[in-house]
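Notes for the one structure printed next.
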Amino acid sequence: PAGEAKPQVLRINLHSEPPTADPGLAEDTTSGAVILATFDGLTRIGADDKPELAGAESYEVSEDLKTYTFKIRDQKWSNGEPLTAHDYEYAWKRALDPKTASNYAYQLYYIKNGEKANKGEVSLDEVGVKALDDKTLEVQLENPTPFFLELTAFRTYFPVNQKVVEGNEKWAAEAATHIGNGPFKMESWDHKSKMVLVKNENYWDAENVKLERIELSMVEDENTELSMFENGELDWAGAPWSDLPTDAIPALKADGRMHTKPIAGTYWYKFNTEKPPFNNVKIRKAFAYSIDRQSLIDNILQAGQLPAMGAVPPSMAVKDGSYFKDNDVETAKKLLQEGMQELGITSLPEITLSYNTSEGHAKIAAAIQDQWRKNLGVEVKLENKEWAVYIEDLHQGNYQIGRMGWLGDFNDPINFLELYKDKYGGNNDTRWEHPDFKAKLNESALETDQEKRKQILADAEQILMDEMPIAPIYFYTQSWVQNESVKGAIMTGLGDVDFKGVYIE
């Protein structure tokens, strides 16, 4: 009958099993999607890409811009228990606690003594976050941080329930024990197969959440995912949770069904700079310079990506123009010879390029393998691993060249550069560290003149590209298809879709 309401159910594919649903430990977009649905920070990024008040109902900032005082709104955990300012204090200190071993702890270094506490130099009691009472959270920062309200919308800043966390170390691995404060809560988690989220009736803004249920499949094959979409089993296929099959892109573009949006993200290869031959900067540069990025985009990616000739994406670039030339084979050959002489070798050791399971990553790796063979005369072996194993191997340094992408966590270039500040920083993996690079990043934190700060960050990026612990390949666009009845799904400039505003028409 006319006017009958559609069931408010959204069906999407997560591509792979989320490694965790714990905001203090999550470091990947798959886990991030589940956490954004099931938790709420002090702020949440709105439709205009600006932070809006969420868990906080108001805030004040001191004159020196270094102290924020948040008033926490009345809210409950998904199990009905009251949520207080103490939950935020506990969560932030827990992420900074070296025992927690959070790879994202550095995101909290903007807080006074955050870095020192994480490195075990001061106690957690000295960290600048304190619940003054159940409704008041005081935060002291190291320096004025203009993007702080964007940071509080990021998952490492989300609260966790102390009693739940301390009562069961595996609390975030099963639906039965997972407790959040977001628009949705976890109803079931059938590992490596399916997860179901349902509307959280205890959410402070529940009246504005329209979806009753979100069904998340975990199908790794992009062609199967697209077939499921075409058969009406999914309401969405492709980014941000997965990818469209590269072979299907021309037809989807021609039909006018494909949505594409440039986002703040860079696809790069990381070098393990502690293992020969990539402990030599000239050899790293030879491999980076001899990639033909434009041909990858034209022949494989086909979705308007841009060749990455630096680390920071165009939407927050600190320099006009490129740091090096695409497909610069002559320079690459020369550098390879010089690098091998410096290492005292006449032939390269066996080289392996690793990537996680995905049709797109496999095609890119095969194309670059071919380019290295033709341009440098180097044979490279390809190695494919399942995501959770792959990311752990990268962190442990069990690789030579490894694929990774980085999507901005907040809208500032520091987010792409600070990854490589510390040798053992949570998301570095290259084991590269440089005193001048570090000094520039520290200097940028103290510079209040935005133009001067931009120049300092450009100088830092120059050092990174001169040293080349990473080979940038392309700047991301997100491409997807969606059912016309799905409304309110707004993709942010950082590439997230927040289910909170989504409804079925």
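The values are calculated or read from the model by the stated rules, or taken from the named source; none is laboratory data. Quantities reported herein were computed from a predicted structural model and do not represent experimental measurements. Here the Cβ is made from the backbone with ideal geometry for all residues, glycine too, and neighbour counts use every protein chain on show. Quick note on the areas: whole protein, heavy atoms, side chains included, nothing else; ligands and nucleic acids left out. Shrake-Rupley method; radii C 1.70, N 1.55, O 1.52, S 1.80 Å.
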Expressed as a whole number of Å, what is the distance separating the alpha-carbon centroids of segment 405-439 and segment 361-382? 27 Å
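Leaving out ligands and nucleic acids, note down the accessible area per residue over the chain with a 1.4 angstrom probe, in whole Å².
Values: 20540 Å² over 505 residues.
In whole numbers, the chain has 41 Å² accessible per residue.
I'd like the Kirkwood hydrodynamic radius of segment 274-313, using the inverse of the mean 1/r over distinct C-alpha pairs, in Å. Present the calculation step by step, with values, prior to reporting the outcome.
Numbers: mean 1/r = 0.0846 Å⁻¹.
It is 11.8 Å.
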Within segment 408-505, DSSP-loop chymotrypsin sites (Phe, Trp or Tyr not before Pro) with at most 15 other C-beta atoms within 10 Å are 424
Under 28 Å between C-alpha atoms, the lysine pairs in segment 344-445 lying 8 or more places apart or on different chains count 11
Run the accessible area of the chain with a 1.4 Å probe and give the carbon-and-sulfur part as a rounded percent. 47 percent
Per residue of segment 448-456, what does 6.51 cos²θ - 1.76 cosθ + 1.60 with θ = phi - 60° give for ³J(HN,Hα)? Whole Hz please, x for Gly and Pro, Karplus curve as stated. 8, 6, 5, 5, 5, 4, 4, 5, 4
Nearest-0.05 FRET efficiency for residue 337 and residue 448 at R0 = 35 Å, using Cβ-Cβ distance, is 0.15
Please list the radius of gyration and Dmax for segment 99-240, considering alpha-carbon atoms only, with Å as the unit. 19.3, 57
For q = 0.10, 0.14, 0.17, 0.25 Å⁻¹, Debye-computed log10 I/I(0) when each Cα of segment 410-505 counts as one equal scatterer: -0.42, -0.68, -0.83, -1.31
For segment 259-265, 3J(HN,Hα) per residue [Karplus equation, 6.51 cos²θ - 1.76 cosθ + 1.60, θ = phi - 60°, Hz, x = Gly/Pro]: 8, 9, 9, x, 10, 7, x
Need one number: nm distance between label points at residue 357 and residue 140, each 7 Å from Cα along Cα→Cβ, rounded to one decimal. 4.9 nm
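Expressed as a rounded percentage, what relative contact order does the chain have, with Cα pairs under 8 Å and six or more residues apart?
Values: 1067 pairs, mean separation 96.8, N = 505.
Relative contact order here is 19 percent.
Relative to the compact-globule scaling 2.2 N^0.38 Å, provide the ratio for the alpha-carbon radius of gyration of segment 116-183. Write out the running numbers ahead of the final one.
Working: Rg = 14.8 Å, N = 68, 2.2 N^0.38 = 10.9 Å.
In units of the globular-protein estimate, segment 116-183 measures up at 1.35.
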For segment 1-139, average projected area of the Cα convex hull in nm²: 12.0 nm²
Spatial separation of Cα centroids for segment 486-500 and segment 309-341, in angstrom: 34 Å
Given the Cα atoms of segment 332-426, and with Rh set as the inverse mean 1/r over their pairs in the Kirkwood sense, what is Rg to Rh to two decimals? 1.02
Just going by the charge dipole of segment 134-197, with Lys and Arg at +1 and Asp and Glu at -1 on Cβ, which of 137, 189, 178 is farthest out on the positive end? 189
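Find the eigenvalues of the gyration tensor of the Cα atoms of segment 232-279, then list the square roots of 5 times those eigenvalues as equivalent ellipsoid semi-axes, largest first, in whole angstrom. Walk me through the intermediate numbers first.
Values: eigenvalues 236, 30, 26 Å².
Working from the Cα gyration tensor, I get semi-axes of 34, 12, 12 Å.
Can you pull the percent of Cα pairs in segment 270-346 with separation above 14 Å? Don't skip to the end; give the middle numbers.
Values: 1946 of 2926 pairs.
More than 14 Å apart: 67 percent of the Cα pairs in segment 270-346.
Kirkwood hydrodynamic radius, computed over distinct alpha-carbon pairs, for segment 225-306: how many Å, to one decimal? If you can, show how the numbers build up before the last one.
Details: mean 1/r = 0.0644 Å⁻¹.
Every distinct Cα pair counted, the radius reaches 15.5 Å.
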Sorted largest first, the Cα spans of segment 231-360 on the principal axes come out in Å as 60, 35, 23
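How high is the relative contact order of segment 432-505, given as a whole-number percent (alpha carbon pairs under 8 Å, six or more residues apart)?
That works out to 22 percent.
Taking 0.36 nm per residue of sequence separation and subtracting the Cα-Cα distance, how much length would be gained by fully extending the chain between residue 81 and residue 227, in nm to one decimal? Numbers along the way, then the final one.
Values: separation 146, 0.36 × 146 = 52.56 nm, distance 4.24 nm.
Here the segment from residue 81 to residue 227 would lengthen by 48.3 nm.
Taking Rh as the Kirkwood radius, which is the inverse of the mean 1/r over Cα pairs, what is the Rg/Rh value for segment 187-241? Please list the in-between numbers first.
On the way: Rg = 13.5 Å, Rh = 12.9 Å.
So for segment 187-241, dividing Rg by the Kirkwood Rh gives 1.05.
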What length, rounded to one decimal in nm, is gained on full extension from residue 490 through to residue 379, with 0.36 nm per residue of separation minus their alpha-carbon distance? 35.6 nm
For the chain, what's the radius of gyration and Dmax over Cα atoms, in angstrom? 23.0, 79
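For segment 171-273, count the residues as N, evaluate 2.2 N^0.38 Å, and divide the Cα radius of gyration by that value, please.
The reported ratio for this selection is 1.36.
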Hull-based mean projected area of segment 52-127, where the convex hull spans the alpha carbons, in square nanometres: 6.2 nm²
Relative contact order computed over segment 300-368 (Cα-Cα under 8 Å; 6+ residues apart), in percent: 28 percent
